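Following: one structure in structure tokens, then a few remarks.
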Amino acid sequence: MANTTLNDRALIRLSGEDVRGFLQGLVTNDVSGNLPVWAALLTPQGKVLFDFLIWGDEEDVLIDCEAEAAEALAKRLTLYRLRRAITIGREDGLAVHWASEGDLGVVDPRLADLGQRWLAPADEGEGADAGWKAHRLSLGVTEGRAELGDGTTLWLECNAAELNGVSFSKGCYVGQENTARMNWRQKVNRRLVVVPIADADEKRQVVAWPDLGWSVEHRRAEAIDPAAAPAWMREALTSPGS
């Protein structure tokens, strides 16, 4: 199994008393049903601190997050745990695996074109991080603190609604009030977009990936050309409330 391991990802295991119920009151997506789902932990103002995929493992839950943020995320979750009988810690025996096509895993819950994702022992497969990043950016999908910001970008501005990263029916969670209000108004004033580096606007740039030829930018919605946007974003850009 060559070139499937995402070494830039890590897994955090939550085990113990009602771990799904614990996360349900914290994260943006509904974790009571089928997993995996893409979700985030927000500030009270609705800005993203961490984004991740959530997987089920019998009674446990595994959080698939960027490796550099794993320790900080585990600490944040531990603060919210209070006196609950829940154990939170790194799961180093497993790794996140990815393939752009095939049937080895499950379809990425954000966008089917992102490919297949699965969890397997850490020593299975070679690194696939470069291929994953290039593939993801080519589809206009952003993730991680370098691209989404660290408590600086509203979750819906990260295209969370279009990429299945939020539930508007599951009830309260941290940052839910502002997120729900934006959705009710049907007005997302700014969005993260991935544009060719040749078209970069340094004033709007969040991060540049010159080796891949892409710039991630935080642009006003009216400044985004729907014809140049990825297909999954166009409806949001052309709807009456946009």
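Some observations on this one:
- Separation between Cα centres of segment 182-209 and segment 32-60, rounded to whole Å: 23 Å
- Ligands, DNA and RNA are left out, and with a 1.4 angstrom probe the accessible area of the chain is 48 Å² per residue.
- CD proxy at 222 nm, helix term only [per DSSP H run n ≥ 4: -39500 (n - 2.57); per residue of the chain; nearest 500]: -5500 deg cm²/dmol
- In percent, rounded to a whole number, the relative contact order of segment 119-242 is 25, using alpha-carbon pairs under 8 Å and six or more apart.
- Heavy-atom surface analysis with a 1.4 Å probe gives the chain a carbon and sulfur content of 47 percent of its accessible area.
- Each Cα pair under 8 Å and six or more residues apart adds its separation to the average, and for the chain the resulting relative contact order is 23 percent.
- Entry for Kirkwood radius over Cα pairs in Å (calculated from the structure that is shown) out of (1) 17.7; (2) 20.7; (3) 18.4: (3)
- In order along segment 96-102, phi translates into HN-Hα couplings of 8, 10, 8, 9, 5, 8, x Hz, rounded to whole numbers, per the Karplus curve 6.51 cos²θ - 1.76 cosθ + 1.60 with θ = phi - 60° and x for Gly and Pro.
- Of all lysines in the structure, those lying under 28 Å Cα to Cα from residue 187, and not within fewer than 8 positions of it along the same chain, are 47, 170, 203.
- Local electrostatic count at residue 23 - Lys and Arg +1, Asp and Glu -1, tallied over other residues with Cβ under 15 Å: -2
- Long-range amide H partners of residue 94 with built H, under 5 Å: 122
The values are calculated or read from the model by the stated rules, or taken from the named source; none is laboratory data. Predicted model, so just to flag it, every value in this text is computed and none were measured. FYI the Cβ positions are ideal-geometry reconstructions off the backbone, even for glycines, and counts take in every protein chain you see. Protein only, heavy atoms only, side chains kept; ligands, DNA and RNA dropped before computing areas. Shrake-Rupley method; radii C 1.70, N 1.55, O 1.52, S 1.80 Å.
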